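Engineer: Questions regarding the structure given below will be posed in turn.
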Amino acid sequence: MRLGGGIEKQYNNPDEWVSLAKELRYSAVLCPIDSHSDSATRKAYLQAAKKADLLIGETGVWKNTLSINDSERKAAMNYAKEQLALADEMGANCCVNIIGSRNPQNWDGFCAENYSSDFYSLAVDSIQEIIDAVKPMHTFYTIEPMPWLVPDSPEQYLKLIKDVDRKEFAVHLDFVNMINCPERYCKSTEFIQHCFDLLGPYIKSIHGKDVLMEQAYTTLIHETMPGKGSLDYKKILAMVEKLGQNIPLFVEHLPDFETYRCAANYVRNQAEQAGIVVKG
């Protein structure tokens, strides 16, 4: 399997970028540039990744394509199309965003309107528009699940796939984001297996984190780094391995280079204990 994550260390050119990724023993990487980069820069980073056998797993959008502010929504839609085109050019596994939100204060915030039928219809239309504008040949557009946004369950993700009805739409799996209630937390291995069972054929990239629930009122569930929570990573990595060697797992949301090294080493150690070979 391939493992990657953030870097959180300055680099100035493709060689420095590759050197840092190799120091972390990554075999998969996040796209190091965005759609504002010129063609020479894109080509240089792509060639460096290929030479170093680094799989570009995903480009990110991270903009609110369903913003209640029309100018913000238009800009986000344009950027999503540009990032999907970049992902296609770079041969990334996927381009990933969240579904969006109608929360006026937080681009990824919860609100009642996010559960309305009109919101869902707009989400489907927006995903279709992004895909149809680009018509990617080598990548997929994906939505990262969120605890309080569509899709927050594997069943809901399958419904979204059916309703979007585009072969270029696939799955970015973040199982931790969907562990949003006590039952899923207490039965985390079974829930994560359920995610892989339902969504496996569509998965293009995976986020690897951990989760910890407090014995406190009311329900408090925290994201944490792999190994600092309750998840059984040996069993999770066996699920990842079955998807094939080119579906990467990325550790994320960590503050610095050394913490990424620590998280990646933990995941690699768990894989080795489970008899799974990690490239890099």
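The values are calculated or read from the model by the stated rules, or taken from the named source; none is laboratory data. For clarity, every value in this text was computed on a predicted model and none was experimentally measured. Cβ atoms come from the backbone with ideal geometry, glycine included; neighbour counts cover every protein chain shown. The accessibility values were calculated without ligands, DNA or RNA, using every heavy atom of the protein model including side chains. Shrake-Rupley method; radii C 1.70, N 1.55, O 1.52, S 1.80 Å.
Engineer: Identify, from the list E168, E258, E223, E241, the residue that is among the acidic types (D, E) and either closer than 20 Å to A21 by Cβ or without any contact (Cβ under 8 Å) to a residue 24 or more places away in the chain (or both). Before you say what the answer is, go through the steps one by one.
Structural biologist: Details: E168 fails: either closer than 20 Å to A21 by Cβ or without any contact (Cβ under 8 Å) to a residue 24 or more places away in the chain (or both); E223 fails: either closer than 20 Å to A21 by Cβ or without any contact (Cβ under 8 Å) to a residue 24 or more places away in the chain (or both); E241 fails: either closer than 20 Å to A21 by Cβ or without any contact (Cβ under 8 Å) to a residue 24 or more places away in the chain (or both).
The conditions single out E258.
Engineer: Can you find a residue that is aliphatic (A, V, I, L, M), modelled with pLDDT of 95 or more and either under 16 Å from the mean Cα position of the chain (by Cα) or in a loop (DSSP other than H, G, I, E, B) (or both) anywhere in the range 97-118?
Structural biologist: The initial filter retains those residues of the range 97-118 that are aliphatic (A, V, I, L, M), namely 98-99, 112.
Applying the additional criterion that residues be modelled with pLDDT of 95 or more yields 98-99, 112.
From what is left, the residues that are either under 16 Å from the mean Cα position of the chain (by Cα) or in a loop (DSSP other than H, G, I, E, B) (or both) are 98-99.
Yes, that holds for at least one residue.
Engineer: Is there a residue being crowded, with 17+ Cβ neighbours inside 10 Å and over 26 Å from K63 (Cα atoms) anywhere in the range 133-142? Before the answer, list the steps.
Structural biologist: So the first thing to find is which residues in the range 133-142 are crowded, with 17+ Cβ neighbours inside 10 Å, and the list is 134, 136, 139-142.
Adding the requirement that they be over 26 Å from K63 (Cα atoms) leaves none.
Scanning the range 133-142, I find no residue that is crowded, with 17+ Cβ neighbours inside 10 Å and over 26 Å from K63 (Cα atoms), so the answer is no.
Engineer: In addition: Return the pairs, sorted by first residue and then second, in which the second residue is part of a loop (DSSP other than H, G, I, E, B) and of a type in the set (A, V, I, L, M, F, W, C), the first residue lies in the range 66-78 and is farther than 13 Å from L122 by Cα and open to solvent by 60 Å² or more (accessible area, probe 1.4 Å), the beta carbons are less than 9 Å apart, and the residues are 6+ apart or on different chains.
Structural biologist: E72/W107
Engineer: Kindly provide the set of residues from the range 192-220 that are free of Cβ contacts under 8 Å to residues at least 40 places away in the same chain, closer than 27 Å to T259 by Cα and part of a loop (DSSP other than H, G, I, E, B), ordered by number.
Structural biologist: Those that are free of Cβ contacts under 8 Å to residues at least 40 places away in the same chain, closer than 27 Å to T259 by Cα and part of a loop (DSSP other than H, G, I, E, B): E214, Q215, L220.
Engineer: Follow-up question, since we're still on this one. Identify the residue in the range 68-96 that is touching a helix residue (DSSP H, G or I) at 6+ places or on another chain (Cβ under 9 Å) and part of a loop (DSSP other than H, G, I, E, B) and, among all such residues, is farthest from I33 (Cα to Cα).
Structural biologist: Filtering the range 68-96 for residues that are touching a helix residue (DSSP H, G or I) at 6+ places or on another chain (Cβ under 9 Å) and part of a loop (DSSP other than H, G, I, E, B), the one farthest from I33 (Cα to Cα) comes out as I68.
Engineer: Can you tell me how many residues in the range 191-217 are touching a Lys or Arg at 6+ places or on another chain (Cβ under 6 Å) and open to solvent by less than 10 Å² (accessible area, probe 1.4 Å)? So that I can check it myself, show each step before the final result.
Structural biologist: Step one: of the range 191-217, the residues touching a Lys or Arg at 6+ places or on another chain (Cβ under 6 Å) are 191, 210.
After this cut, where a residue has to be open to solvent by less than 10 Å² (accessible area, probe 1.4 Å) as well, the list is 210.
Final tally of qualifying residues: 1.
Engineer: What is the number of the single condition among (1) open to solvent by 20 Å² or more (accessible area, probe 1.4 Å); (2) within 25 Å of I206 (Cα to Cα); (3) assigned to a helix (DSSP H, G or I) that K43 does not meet?
Structural biologist: Every listed condition holds for K43 apart from (2).
Engineer: From (1) open to solvent by less than 70 Å² (accessible area, probe 1.4 Å); (2) over 15 Å from F175 (Cβ atoms); (3) assigned to a helix (DSSP H, G or I), pick out the condition that doesn't hold for E272.
Structural biologist: Among (1) open to solvent by less than 70 Å² (accessible area, probe 1.4 Å); (2) over 15 Å from F175 (Cβ atoms); (3) assigned to a helix (DSSP H, G or I), E272 violates only (1).
Engineer: Ok, one more. Among the residues of the range 4-13, is there at least one that is under 18 Å from A264 (Cβ atoms), open to solvent by 30 Å² or more (accessible area, probe 1.4 Å), touching a residue at least 40 places away in the same chain (Cβ under 8 Å) and not in a helix (DSSP H, G or I)? Break it down into steps so the answer makes sense when it comes.
Structural biologist: Step one: list which residues in the range 4-13 are under 18 Å from A264 (Cβ atoms), which gives 4-9, 11.
Those left that are additionally open to solvent by 30 Å² or more (accessible area, probe 1.4 Å): 8-9, 11.
Filter once more, so that each one left must be touching a residue at least 40 places away in the same chain (Cβ under 8 Å): 8-9.
Checking which are not in a helix (DSSP H, G or I) leaves us with 8-9.
Within the range 4-13 (the criterion being under 18 Å from A264 (Cβ atoms), open to solvent by 30 Å² or more (accessible area, probe 1.4 Å), touching a residue at least 40 places away in the same chain (Cβ under 8 Å) and not in a helix (DSSP H, G or I)), the answer is yes, since at least one residue qualifies.
Engineer: Report, by residue number, each residue of the range 218-243 that is open to solvent by 80 Å² or more (accessible area, probe 1.4 Å) and within 10 Å of A274 (Cβ to Cβ).
Structural biologist: Correct list: K235 only.
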